[in-house]
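The values are calculated or read from the model by the stated rules, or taken from the named source; none is laboratory data. A quick note: this is a predicted structure, and the numbers were derived from the prediction, not measured. Note that we place each Cβ from the backbone using ideal geometry, even for glycine, and neighbour counts take in every protein chain shown.
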Amino acid sequence: MITTVSRKSFWDRLKSSNLIIHLILLILSIMALVPFLMLISASFSSEIAIGKYGYTLFPQQFSMEAYDYLFRDFGQILNSYLITLIVSLGGSSVGLLIMSLLAFSLSRKDFRFRKPLSFYVFFTMLFNGGLVPWYILITQYLHLKNTMFALILPYLVIPWFVLLLRTYFAGLPTELFEAARIDGASEWRLFFQIVLPLSTPALATVGLFSLLQYWNDWWLALLFIDDRKLFPLQYLLYTIQSNIDAISQNPEMNSGVIIPTQGVRMAMAVLAIGPIIFAFLFVQRYFVRGITLGGIKE
Amino acid sequence: MQQPLVEKVQQQQHQVSITRSARFRRMWAKNGSLFLMALPGLLLLFVFSYLPMFGIIIAFKDYRAAQGLFDSAWVGLKNFEFLFGTQDAWRVTFNTLFLNSLFIVTSTTGAIFLALMLNEVRERSKIMTNFYQSALLLPHFISYVIVGYFVFAFLNTDNGLVNHTLAGFGVEQISWYSSPQYWPTILTSVNLWKHVGFNSIIYLSGILAINPEYFEAAKIDGASKWKQITRITIPLIFPLVIITTLLAIGRIFYADFGLFYQVTRDNGLLYPTTDVLDTYVYRALRVNGDVGMSAAAGLYQALIGFILVVGANWIVRRVDSDKALF
């Protein structure tokens, strides 16, 4: 009798402390993080250790040789880093400005063209001409091949982000606008001095999304960039990996191409992820709120 | 006062034009700056989204770069005949639909479970909840190139973690990158790993929006935690689940190019189970240089995709008009 009572209370305590749920969530979180751990571990392993033990969760023989190598022969990766930095910062800041201006005018109930222009913007989410006409336009008619514009312009206005910003702006108290207008403020002043300062969560979220879109992009480079001097970071990582694949499939192709060792490749990947994690931690507090903003209707 | 008719008409016209221009000026004074604000974005969309729509005609032409878009010869539906004359079109359509369906089912179910669990622990352990959310969200922000590196670290034949572990147990090693039969599972897992945390936030916010009085009333009536979940939480987030699922179905004809291109490393041996519409269109354009057929496949995708998304939205509007896309 006593044992059943105590056992029951043990189970009750277990249930009320949510221990099992914590355990499951902890395991899932670790699973989410394990690949990162393996990557970092491989970047700090000696090449011999990777060959001998394979990829492991912790370095079997700690070594800095990959990073030493990277910092000695920094040319290409530094160049790609710079390209990615310019494209990401330039693209996301200009894009954020253009998108918030657009979203602001579409959020205004008293804007006469709000309905047709909203349709104009959001129709592009439903239908598109497909890859081929877009590719031919950019290469044959706009002549953007092998320019930095090809890496920036296509992602400047993303309708989904415009939608997010518009929803947020539409939720701002209109009394503020009225008051400012009575004081004689123009729409531009209203936008820059009232709307923007009040919209930090939305701007931070969209800014981060846009920054990540540029930072992580290799697709535009895959289509439009042949010039090594313009390779962004992610595309550089991709070409290294695909060269290795090509060589391992036809070994006779290997004529003097220097292949970075596995450790070096992983170290490069670590350098590519680093800033993302940093940016992520930085704006994370705005984030959950920002993601759920996308209530879509007007 | 008798005025000649002509003069009268002229005068009226003059007045009309005055009021018209005055009205325009007034309209512009009210809307002009808002319109100018919208203009840069509108122009960019015109160039990068609307101009390509006119380029759809390429699908009906024998495109030659030297002749350009307008002077290439019309060939009617030839490109489509070629496309659907091959086994490829059906294979990539099947793969796209099949894998995307797997993704929708797994990531929706996973995200709901995750949201329910996070909701249970969130009040009493804020720090841990924050940690779980961050950890699970992080994969969403990593490029598919890096994800390709991750998967390679797990699966490469010589020193990947999986084969090393298998060898440790004395099991024969598997050459993953040449065994297409495993890839639906692998891609589904990768997709789940990458997106489940992000999707769970959407459901968690749905749960948080439930009026807490329901739970308090249930508690007073002595309902267990489990009862509260099955009788309150799940029924109340169900409309949200339906809507996100329908919107995902609206996108089912579009595959995540990065997942299928980078994670499989565009390996030809894996095409039987991993080649999808997006990779097919890309390859036809860039690798095989078959512009007409690539455009035809692209148009096929865009049209069916459009029908699906409009249809899905139509149903969403029936369920909950606030959540409809348009």
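What are the residues in the stretch B:139-161 that are among the β-branched types (Val, Ile, Thr), in a helix (DSSP H, G or I) and within 7 Å of another protein chain (Cβ to nearest Cβ), if any?
Within the stretch B:139-161, B:VAL145, B:ILE146 qualify.
Inspect the stretch A:249-259 for any residue being surrounded by 12 or more Cβ atoms within 10 Å (Cβ to Cβ), more than 25 Å from A:PHE36 (Cβ to Cβ), in contact with a Pro (Cβ under 7 Å, 6 or more places away or on another chain) and modelled with pLDDT under 80 and give the result as yes or no.
Within the stretch A:249-259, not a single residue is surrounded by 12 or more Cβ atoms within 10 Å (Cβ to Cβ), more than 25 Å from A:PHE36 (Cβ to Cβ), in contact with a Pro (Cβ under 7 Å, 6 or more places away or on another chain) and modelled with pLDDT under 80.
Right, A:ILE98: in contact (Cβ under 8 Å) with a residue 24 or more places away in the chain and farther than 24 Å from A:ASP227 by Cβ or not?
Criteria met by A:ILE98.
Restrict the check to the stretch B:292-303 and report whether at least one residue is in contact with a strand residue (DSSP E or B) (Cβ under 7 Å, 6 or more places away or on another chain) and of a type outside the set (Ser, Thr, Tyr).
The answer is yes, given that some residue of the stretch B:292-303 is in contact with a strand residue (DSSP E or B) (Cβ under 7 Å, 6 or more places away or on another chain) and of a type outside the set (Ser, Thr, Tyr).
If a residue must be assigned to a helix (DSSP H, G or I) and either under 17 Å from the mean Cα position of the chain (by Cα) or of a type in the set (Lys, Arg) (or both), how many such residues does the stretch B:301-325 contain?
Total meeting the criteria: 17.
Taking the stretch B:212-271, which residues are among the hydroxyl-bearing types (Ser, Thr, Tyr) and modelled with pLDDT under 90?
Correct list: B:SER224, B:THR244, B:THR245.
Being among the polar types (S, T, N, Q) and at pLDDT below 95 narrows it down to one of A:SER100, A:SER93, A:SER88, A:SER45, so name that one.
It is A:SER45.
Any residue at all in the stretch A:131-143 that is without any contact (Cβ under 8 Å) to a residue 60 or more places away in the chain and away from chain B (no Cβ under 11 Å)?
Yes, the stretch A:131-143 has at least one match.
Tell me, yes or no, whether the stretch B:194-213 has at least one residue that is more than 31 Å from the chain's Cα centre (by Cα) and over 25 Å from B:ALA115 (Cα atoms).
So far as the stretch B:194-213 goes, no, none of its residues is more than 31 Å from the chain's Cα centre (by Cα) and over 25 Å from B:ALA115 (Cα atoms).
Here are A:MET148, A:MET99: which of them is aliphatic (A, V, I, L, M), more than 18 Å from the chain's Cα centre (by Cα) and more than 30 Å from A:SER46 (Cβ to Cβ)?
None of the others qualify; the one that does is A:MET148.
Considering (1) facing chain A (nearest Cβ under 7 Å); (2) within 18 Å of the chain's Cα centre (by Cα), say which one B:ALA135 fails and leave the rest.
For B:ALA135, the failing item is (2).
Looking at the stretch B:44-59 only, could you name the residues that are without any contact (Cβ under 8 Å) to a residue 24 or more places away in the chain, surrounded by 13 or more Cβ atoms within 10 Å (Cβ to Cβ) and either in a loop (DSSP other than H, G, I, E, B) or not small (Gly, Ala, Ser) (or both)?
Selection gives B:LEU44, B:LEU45, B:VAL47, B:PHE48, B:TYR50, B:LEU51, B:PRO52, B:MET53, B:ILE57.
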